[in-house]
Amino acid sequence: MTIVIGFAGFSGSGKTTLIAKLIPLIQARGKSVAVIKHDGHGHYKEAEGTDTSRYIEAGAAGVMALSPNGYVKMERRRVILPDAIQGMSHYDVVMVEGFKTERHPKVAVIRLPEHAAILEHLPELPEAIVSAVPIMDPGVPVFHLDDAAGIAEWIAARKETM
């Protein structure tokens with residue numbers, strides 16, 4: 001079974017930086033890790049000039065590039081988060097960046113005092129808070145933004161959520 005944990009916070013709160021720090025720490029505990037990133041504005045692009053980008057620009061509905069180390073798949077179709085998570089269920093841990101209104105276990109990420117408003121935007125209390133500013137007792141574990149080792153330990157010790 002897979003541990004699913006989301007990271008929700010406003011732009012600039014440190015979600016990507018934190019996840020990038022957590023990946024090798026969780027892998028060092030013997031767990032495989034995958035990440036699903038929300039791209040709500042459609043900013044993601046294949047590297048310009050590559051064969052795959054040319055196929056996408058030409059209108060291909062799907063493109064897959066295979067290499068000895070893995071593959072990259074791009075399809076022009078809507079996929080909902082639960083289906084994306086299910087497609088990654090062969091990993092021990094799936095970290096989800098963004099998708100703050102979806103209902104999956106989440107960690108709120110707060111870098112600045114004004115980022116604490118993320119707690120009002122979540123559909124339910126997060127399972128933990130990662131913050132660089134003091135947080136009044138929220139009733140869930142609170143980690144400092146620089147405590148990647150402690151956060152990784154907390155994630156790796158969680159029970160499967162899928």
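The values are calculated or read from the model by the stated rules, or taken from the named source; none is laboratory data. All values reported here derive from a predicted model rather than from experimental measurement. Quick reminder, even Gly has a Cβ in these numbers, built from the backbone with ideal geometry, and neighbours come from all protein chains shown. The accessibility values were calculated without ligands, DNA or RNA, using every heavy atom of the protein model including side chains. Shrake-Rupley method; radii C 1.70, N 1.55, O 1.52, S 1.80 Å.
Tabulated values for the structure
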{"quantity": "First in the range 123-148 and in a helix (DSSP H, G or I), second anywhere and at pLDDT 95 or above and open to solvent by 50 Å² or more (accessible area, probe 1.4 Å), Cβ under 9 Å, 6 or more apart", "calculated": "Ala148/Lys21; Ala148/Leu25"}
{"quantity": "Residue match in the range 120-131 (condition: out of contact with any Asp or Glu (no Cβ under 9 Å at 6 or more places or on another chain), farther than 30 Å from Glu57 by Cβ and modelled with pLDDT under 90)", "calculated": "no"}
{"quantity": "Every residue from the range 128-162 that is of a type in the set (Gly, Ala, Ser), crowded, with 16+ Cβ neighbours inside 10 Å and either closer than 10 Å to Val107 by Cα or touching a strand residue (DSSP E or B) at 6+ places or on another chain (Cβ under 6 Å) (or both)", "calculated": "Ala128, Ser131"}
{"quantity": "Of the criteria (1) modelled with pLDDT of 95 or more; (2) of a type outside the set (Phe, Trp, Tyr); (3) surrounded by fewer than 19 Cβ atoms within 10 Å (Cβ to Cβ), which one Arg111 fails", "calculated": "(3)"}
{"quantity": "Some residue of the range 61-69 being more than 20 Å from the chain's Cα centre (by Cα), open to solvent by 80 Å² or more (accessible area, probe 1.4 Å), at pLDDT 95 or above and not basic (Lys, Arg)", "calculated": "no"}
{"quantity": "Pairs, first free of Cβ contacts under 8 Å to residues at least 24 places away in the same chain and within 22 Å of Met1 (Cβ to Cβ) in the range 12-33, second open to solvent by 60 Å² or more (accessible area, probe 1.4 Å) and of a type outside the set (Val, Ile, Thr), C-beta under 8 Å, six or more apart", "calculated": "none"}
{"quantity": "Qualifying residues in the range 26-60 (those that are among the aliphatic types (A, V, I, L, M) and modelled with pLDDT under 85) - the one most open to solvent (accessible area, probe 1.4 Å)", "calculated": "Ala47"}
